[in-house]
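Working notes for the structure below.
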Amino acid sequence: MDNVQLYALATFFLFFVLRFAISRYRRISISHLPGPQPESFLLGNLRQLFQDDIGEEDFKLQEMYGETMRIKSSFGEDNLLLMDPKGIQYVLGTTKYRFAKPHDRLITLVLSLGKGLVSVEGDEHQRQRRVLLPAFGNREMRDLMPMFRENIQKLVINWKDALIDSRDGTIVYDVLNEATLATLDAVGKAAFEYDFGILERKGNALATSFTNFLVEGFGLPTNGTLLVQHGIMGRIPGPLLKLATSLPLAGIKRFKKHGELCDSIARELIDAKGRALQQGKAGRDVLSLIVKANLSQNERTKLSDEELLAEFRTIMGAGHETTSNTLTWVLLELSRHPEMQTKLRREIQRGQAAAYSRGQAEMSMQDMEALPYLGAVIKETLRFHAVFSHMFRTATEDDVIPLSRPVTTASGRVINEIPVPKGMRVIVSIAGYNRLRELWGQDAQLYRPERWLDGSICKYDGTSVGVLENLMSFGSGPHACIGWHFALVQLHTILVELISNFEFALTDDARRVRRVAALFMLPMIEGQSGRPQLPLKISLVE
Ligand code: HEM
C-alpha cells in the first residue's frame with residue numbers, strides 16, 4: 001500500500017470516527033437518569049444483570065432507583081432499563097414496531113429459527129401473524145387437551161414403573177429434562193401431528209437436536225458471551241453481521257445443522273397436510289390449520305414455502321422449552337412449599353371426584369379451569385419465574401416514553417416522560433415488572449399463589465399490559481406470545497396428572513438451584529457447571 005492509499009484510508013477512518021463522535025454528542029442523552037455505577041467499561045452493568053442469579057439485580061435496582069433507570073452496557077453505552085407499566089405498554093404495544101427487536105437479535109433469530117414469526121418485524125410480521133393467529137385460538141387449543149392428557153399419561157406410566165422397580169419407593173429425576181421431553185412430544189403431536197416417540201423412549205434425531213439447543217447454540221452468560229452478544233454484535237452493521245453467520249463457529253454450525261433437520265421434516269409434514277386438505281381430510285393440529293389458512297390468502301398476503309418451514313422451527317422452538325421451564329419452576333415451588341402441594345392435590349382430587357360422580361371418565365378442560373388454586377399456582381409461577389426475564393428493543397426514531405411513575409433526574413428535575421434517541425436500546429425487565437409492589441402487593445417478593453384469590457393484587461395506575469391478567473410473562477403488543485392458550489391448556493393438563501399421582505420433594509441439589517439466563521431462564525445447580533437441571537425426589541401419592 002503506497003502513502004496516498006494510506007492517507008486515504010486514515011482520512012476515511014477519521015471521518016467515520018468523527019461522524020460517530022458528533023452523532024453521539026448531538027443525540028438525546030439519558031445520562032441524567034438515576035442508575036447504578038458500571039462495574040467496568042467493557043461490561044458496564046451487564047454482568048450483574050445477566051450473570052448473577054437472574055432477576056436478583058433487577059429487584060435490588062428497583063429498591064434503589066425505582067422503575068425506570070439508566071444502566072451501562074458495554075463500552076460505556078447507556079441503555080434504558082424499564083419496569084414501569086406505562087413505559088412498557090408504550091414501548092411494546094402502543095408504538096407497534098417503532099421500538100423494534102435489535103438487528104443483531106433478529107439476525108441470530110433468523111439463524112436459529114428461520115425467517116418465521118419471531119424473527120421479522122413490521123408488515124412482514126403482521127402478514128405472518130394474520131395467517132398463524134386463527135390456529136392458536138382458545139377453542140382450537142382446548143380441543144387439543146385430550147392429546148396433551150394422553151401424552152402426559154405415558155410419562156406417568158414410565159415414572160410409576162420406575163417407582164415400582166425402586167428400592168425405597170422414591171426416584172430422583174431431573175424434572176427439567178423429563179418436562180422438556182414431555183412438552184417436545186406434546187408440541188410435536190398437537191401442533192404438527194408429528195410423533196417424536198420420546199415418551200416411548202424411541203430414538204429420534206430431531207428430539208436429540210432439540211436437546212440442549214439453547215445452551216449449545218446461545219451459550220451460558222460468561223463474560224465472553226455477554227461481551228459478544230450485548231457489546232459487539234449490536235455494533236456490527238446488519239449486512240456485515242449476516243455475512244458473519246457463514247463463519248465456521250461451533251454455535252453457528254449447530255444452528256445450521258438443526259435448521260436442515262427441521263426443514264426436511266417440516267417439508268414432509270407440510271406436503272402431507274396439503275394432500276390431506278385436497279382430499280377433504282383436514283386435521284385439527286396447528287399446522288393443518290395454518291396450511292388451510294394460507295391457502296385462503298391471496299398471493300400477496302400468504303406465507304412463502306420458506307416461511308412455512310420457518311414456522312415449524314419457530315413453533316417447536318418457542319413452544320416446548322418455555323412450557324417445560326415453567327412446569328419445572330412450578331414443581332420446584334411446590335417442593336419448597338409442601339403445604340401448597342397438599343392444598344393443590346386436595347383441590348384436584350375433589351375436582352376429579354366431582355367429575356366421576358357426574359359420570360365423566362376424566363375432568364374436562366372446563367373442570368380444570370374451575371379449580372381456583374390450580375389457576376393461582378400457574379399464574380403465580382408465571383409471575384415469579386417468568387422464563388423470559390428481559391426483552392430487548394431499539395428505538396427506530398427519536399421518541400418520548402411516557403411513565404406511570406415520575407423519575408427524578410440528577411439535577412433534581414421531576415419528569416413524567418423520557419426522551420430517547422434513535423438507536424437507544426431499551427431493556428424491558430419482565431422480572432422486575434412482575435415483582436412491582438404497587439401491582440402485586442407488599443409481599444411481591446414472596447411466592448404466594450393465594451394473592452390471586454384474596455384480592456391483594458392492585459390496579460396501580462390502571463395501565464394494562466400483557467395478555468393474561470396484567471402479567472408480562474407472555475410479553476405484550478404485536479409480538480406477544482401467540483401460544484399462550486396452548487401453554488395454559490398444557491400446564492393445567494400436565495399438573496393435574498402429575499400432582500394427583502406423585503409427591504415432589506427437594507433434593508440437596510435442588511436446594512442450591514440458581515436461575516441462569518441462556519436466551520431464557522433455566523435452572524442450574526450452584527457450583528455445578530454444565531447443563532441446566534432440576535433433580536427432584538418423586539414418590540407415589542398415598
Ligand atoms: C409458559 C409458556 C410460554 C411463555 C412464558 C412464553 C413467552 C413468550 C414471550 C414473552 C413472547 C414474546 C417475545 C418477544 O416479544 O420478544 C413469546 C412469543 C412467542 N411465543 Fe411464547 N411462551 C410460552 C409458550 C408458547 C407456546 C406453547 C408456543 C407455541 C406452541 C409459543 C409460541 C410463541 C411464538 C411463535 C412467539 C412469537 C410471537 C410473535 O413474535 O408474534 N409460546 N412467548
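For the range 101-119, a tally of residues being within 30 Å of Arg435 (Cα to Cα) and either touching a Leu at 6+ places or on another chain (Cβ under 8 Å) or among the charged types (D, E, K, R) (or both) returns 7.
Within the range 163-172, the presence of at least one residue that is in contact with a Ser or Thr (Cβ under 9 Å, 6 or more places away or on another chain) and either within 30 Å of Val291 (Cβ to Cβ) or assigned to a helix (DSSP H, G or I) (or both) is confirmed.
For the range 170-180, the set of residues classified as aliphatic (A, V, I, L, M) and either surrounded by 24 or more Cβ atoms within 10 Å (Cβ to Cβ) or closer than 20 Å to Glu311 by Cα (or both) consists of Val175, Leu176, Ala179, listed by residue number. Being away from the ligand (no atom under 16 Å from the Cβ), at negative phi and hydrophobic (A, V, I, L, M, F, W, C) holds for only one residue in Met316, Met340, and it is Met340.
Restricting the search to helices (runs of 4 or more DSSP H) fully inside the range 232-334 and requiring at least 1 residues that are surrounded by fewer than 16 Cβ atoms within 10 Å (Cβ to Cβ) and without any contact (Cβ under 8 Å) to a residue 12 or more places away in the chain gives 238-244, 250-278. The listed residues are Glu39, Glu56, Glu63, and the only one of them that is out of contact with any Lys or Arg (no Cβ under 9 Å at 6 or more places or on another chain), acidic (Asp, Glu) and either at pLDDT below 95 or under 20 Å from Leu436 (Cβ atoms) (or both) turns out to be Glu63.
Among residues of the range 462-473 that are of a type in the set (Ser, Thr, Tyr), those with a Cβ under 6 angstrom from a residue that is outside any loop (DSSP other than H, G, I, E, B), sequence gap 6+ or separate chain, pair up as Thr463/Pro85; Thr463/Lys86; Thr463/Gln89; Thr463/Ser404; Ser473/Leu382.
I'm told Ala395 meets every condition in (1) surrounded by 15 or more Cβ atoms within 10 Å (Cβ to Cβ); (2) at pLDDT below 95; (3) of a type in the set (A, V, I, L, M, F, W, C); (4) under 15 Å from Arg70 (Cβ atoms) except one. Can you identify the failing condition by its number? If we test Ala395 against (1) surrounded by 15 or more Cβ atoms within 10 Å (Cβ to Cβ); (2) at pLDDT below 95; (3) of a type in the set (A, V, I, L, M, F, W, C); (4) under 15 Å from Arg70 (Cβ atoms), just (2) comes out false. Against the test of being assigned to a helix (DSSP H, G or I), within 15 Å of the ligand (Cβ to nearest atom) and closer than 23 Å to Asn501 by Cα, the options Leu155, Leu184, Leu106 yield a single qualifying residue, Leu184. For the range 385-424, the set of residues classified as charged (D, E, K, R), part of a strand (DSSP E or B) and more than 16 Å from the ligand (Cβ to nearest atom) consists of Asp399, Arg405, Glu417, listed by residue number. Counting the residues of the range 335-366 that are more than 30 Å from Arg139 (Cβ to Cβ) and part of a loop (DSSP other than H, G, I, E, B) gives 1. Quick check on Leu303: is it more than 10 Å from the ligand (Cβ to nearest atom), modelled with pLDDT of 90 or more and in contact with a helix residue (DSSP H, G or I) (Cβ under 6 Å, 6 or more places away or on another chain)? Taking the combined requirement at face value, the residue does not satisfy it. Say we look at the range 504-514 and pick out the residues that are in contact (Cβ under 8 Å) with a residue 60 or more places away in the chain and surrounded by fewer than 20 Cβ atoms within 10 Å (Cβ to Cβ); which of these is farthest from Glu178 (Cα to Cα)? Among them, the one singled out is Arg514. Among residues of the range 53-70 that are closer than 19 Å to Lys86 by Cβ and touching a residue at least 60 places away in the same chain (Cβ under 8 Å), those with a beta-carbon under 6 Å from a residue that is crowded, with 21+ Cβ neighbours inside 10 Å and hydroxyl-bearing (Ser, Thr, Tyr) at least six positions away or on a different chain give the pairs Asp58/Ser429. Within the range 350-372, is there a residue that is touching a Phe, Trp or Tyr at 6+ places or on another chain (Cβ under 8 Å), more than 14 Å from the ligand (Cβ to nearest atom) and among the aliphatic types (A, V, I, L, M)? Checked against the condition, which is being touching a Phe, Trp or Tyr at 6+ places or on another chain (Cβ under 8 Å), more than 14 Å from the ligand (Cβ to nearest atom) and among the aliphatic types (A, V, I, L, M), the range 350-372 yields no hits at all. Ile164 fulfils the conditions (1) of a type in the set (A, V, I, L, M, F, W, C); (2) within 21 Å of the chain's Cα centre (by Cα); (3) away from the ligand (no atom under 16 Å from the Cβ) except for a single criterion, (2).
The values are calculated or read from the model by the stated rules, or taken from the named source; none is laboratory data. The structure displayed is predicted, hence computed values, not measured ones. Virtual Cβ from ideal backbone geometry, glycine too; neighbours counted across all protein chains shown.
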